[in-house]
Amino acid sequence: MIEQSVLSLRSATLSFGDRPLWRGLNLELKAGEFLAVLGPNGTGKTSMLKAILGQQALTSGAVEILGSPVRRGNRDIGYIPQQKLLDHGTPLRARDLVAFGIDGHRWGLPISTPTLRRRVDAVLESVGATDYASAPVATLSGGEQQRIRVGQAIAGNPKLLLCDEPLLSLDLQHQRAVSELIDEKRRELDTAVVFVTHDVNPILGMVDRVLYLAGGQFRVGTPDEVLRSDVLSYMYDTPVEVIHNRGRIIVIGAPDGHGAHGHDAHHVEGGEH
C-alpha cells in the first residue's frame with residue numbers, strides 16, 4: 001500500500017510580477033517528515049506557506065493536502081506565523097490563544113466547556129506553559145509567547161505544521177527550546193513539518209530534507225545533498241563555499257550582501273517579502 005502524501009506540490013510555479021520566484025516545483029511530503037525551507041530574501045518562502053494555506057494562488061501548478069486541493073481554514077494544518085509580540089494591554093490570555101487552536105473555526109463567541117478546558121490544560125502542559133496559562137500573552141517573554149503559539153498550532157492535532165521563522169528574535173536558549181518542542185510534537189503526532197528559517201543550524205539534527213530556493217531555482221534533498229559548495233555556487237551563479245564545522249554549517253561568499261565574511265547559514269537565508 002502506497003503511503004499518501006500529506007503535502008503535494010506538482011509543477012508549482014510562483015511569480016512576483018514578471019519575475020518567477022520558482023517554477024516547476026515537485027514535492028511530496030510524508031507524515032512525520034521534517035522539511036526545512038531555506039533561501040535568501042525575496043525567494044518566495046513565506047509565499048509558499050500562503051499558497052499551502054490557500055491564501056495565495058500559484059501562477060501555475062497545484063497544491064494538495066492529503067490528496068485534496070488546498071482551501072482556507074483547513075483543520076489539518078497548524079500554522080506558526082512570524083513572531084509579532086502583542087501590545088501590552090491586550091487582554092488575551094495564554095489559554096485563550098490555545099483554545100482558538102481547538103475551536104477558533106467556530107462562529108460566534110468561544111464557549112468554555114469542561115472538555116475544552118481539559119484539552120487546553122493538556123496542550124499547555126505539553127508545551128511547558130502551565131505556569132503562565134492565565135497570564136495575558138502580552139506580558140510573556142518572546143520564548144514564552146512562541147511556546148503558546150506552538151501549543152495553539154498543535155492543539156487540533158494537525159497533519160501538517162507550517163512554521164514561518166518561528167525562531168526569529170529568540171536567543172539561543174529559546175531557539176533550542178522551541179525547535180525541540182516542535183520536533184517533539186512532530187514525533188508524537190506524526191505530523192509533517194515545513195519549517196521556513198533563516199538559520200538552519202538550530203534544527204539541523206531534526207531535518208530530513210531541505211528545500212533551497214535561490215535565483216529562481218530550487219533544490220530538494222538531504223542537508224548533505226543540498227548544502228554543498230558546488231550546489232549553492234551553481235544556484236547563485238557565483239562561487240560559494242560551504243563549511244561544515246562542529247555540527248554547524250557556515251556559508252561564505254553568497255550574494256545578498258552577505259558574502260566573504262564567513263557568516264553562518266542564517267546570513268544566507270534571509271527574511272521574506
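Taken together, the values in this text are just the output of simple stated rules run on the coordinates, not laboratory data. What you are looking at is a predicted structure, and each value in this text was computed from that prediction instead of being measured. All Cβ positions, glycine included, derive from the backbone under ideal geometry; neighbour counts span all protein chains shown.
The table for this structure:
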| read-out | value |
| --- | --- |
| Relative contact order %, the chain, counting alpha carbon pairs below 8 Å whose residues are six or more apart | 24 percent |
| Within straight-line cross-link reach of Lys84, lysines at Cα separation under 24 Å, skipping those fewer than 8 residues along the same chain | Lys45, Lys50, Lys185 |
| Anisotropy class of segment 123-178 from Cα gyration tensor, a/c 1.5 cut | oblate |
| Under 10 Å, Cβ to Cβ, from Pro158 - net charge with Lys/Arg +1 and Asp/Glu -1 | +2 |
| Neighbour-count order for Glu188, Glu64, fewest beta carbons within 10 angstrom listed first | Glu188, Glu64 |
| Separation of alpha-carbon centers, segment 60-74 and segment 111-166, rounded to whole Å | 26 Å |
| In sequence order, calculated HN-Hα J values of segment 205-217 (Karplus, 6.51, -1.76, 1.60; Hz; x Gly/Pro) | x, 9, 6, 8, 9, 10, 10, 10, 10, 6, x, x, 10 |
| Within the chain, percent of DSSP bridges classed antiparallel, to nearest 5 | 60 percent |
| Fully extended contour minus Cα-Cα distance, from Asp76 to Gln173, at 0.36 nm per residue | 31.9 nm |
| Relative contact order (%) - criterion: Cα under 8 Å, at least six apart; region: segment 1-160 | 25 percent |
| Residues whose placed amide H lies under 5 Å from that of Phe16, excluding near-sequence neighbours | Leu21 |
| Whether segment 24-80 is rounded, prolate or oblate, judged on the alpha carbon gyration tensor where a/c under 1.5 counts as rounded | rounded |
| Formal net charge of residues neighbouring Val120 (Cβ-Cβ distance under 13 Å; K, R +1; D, E -1) | +1 |
| Helix-only CD estimate at 222 nm, as mean residue ellipticity for the chain, using -39500 (n - 2.57) per DSSP H run (n ≥ 4) | -8000 deg cm²/dmol |
| Rough spin-label spacing in nm, given labels placed 7 Å along Cα→Cβ, for Gln4 and Arg187 | 2.7 nm |
